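Enquirer: My questions all concern the structure below.
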Amino acid sequence: MAEVVVRVDERERGRVLKALEEAEDIRLEREELAFGDYILPDGLVVERKSATDFVLSVVDGGLWENIEHLTQAHRQVLYIIEGDPYVTRFHQKALDVHRAFARMVVDHGIAVLPSPDAEQTGVLLVLMTRALAQRAAS
C-alpha cells in the first residue's frame, strides 16, 4: 500500500500520535487546523474528545458551536469519545448524553465512535486511514 497522509493539528500530543507514527504506510503532516484534530484521507475530519470534555461541552453548549464550525468546513465529521460519557459529571444525566448523540447523528450527520483510551483511538485512526486509502485505490 502506498503512503497515506494524515493531517494532524499541531497541538495534538501523546499516545494517539504514537500509533500513527509507528504505521509505516502513514505520513503525518502537522499543521494548525482551524477545526478538528485529524484529517484523514477523503477529507474525513476527526474531533477527539475525552468523555469529561465531551460532557462539559454538552452542558455548556460549546458542542453545538464546534459542530457548526466542523460541518461548515468539512463534509464528513467523526467524533471519537474517549472514556465513559455516562459517568456522572457536572450534574448531567444519561439522557443528556443520549440527546446529544441523537442530535449529532440525526440533525448533523455526524458519526460518533467510542474509544476506551488514547492508545485505542490511535489504533482506530490507523485502521480508518488504511480503509479510506484502500477504498480510494479501488
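Read-outs: derived from the displayed coordinates by stated rules, not from any lab. Predicted, not measured: the structure shown is a model, and the values here were computed from it. Counting neighbours? That spans all protein chains shown, and the Cβs are built from the backbone with ideal geometry, glycine included.
Enquirer: Roughly speaking, what is the stretch gain from Asp84 to Ala111, that is 0.36 nm per residue apart minus the C-alpha to C-alpha distance, in nm to one decimal?
Expert: On the way: separation 27, 0.36 × 27 = 9.72 nm, distance 1.69 nm.
Length gained, Asp84 through Ala111: 8.0 nm.
Enquirer: Principal axis extents for region 1-129, Cα atoms only, whole Å, descending order, please.
Expert: 46, 28, 23
Enquirer: Related question: Give a quick list of trypsin sites (Lys or Arg not before Pro) in region 61-138 that DSSP marks as loop, anything other than H, G, I, E or B, with at most 12 other Cβ atoms within 10 Å.
Expert: Qualifying residues, ordered by number: Arg75, Lys93.
Enquirer: Something else now. Between region 6-25 and region 54-68, how many Å separate their Cα centres?
Expert: Result: 25 Å between the Cα centres.
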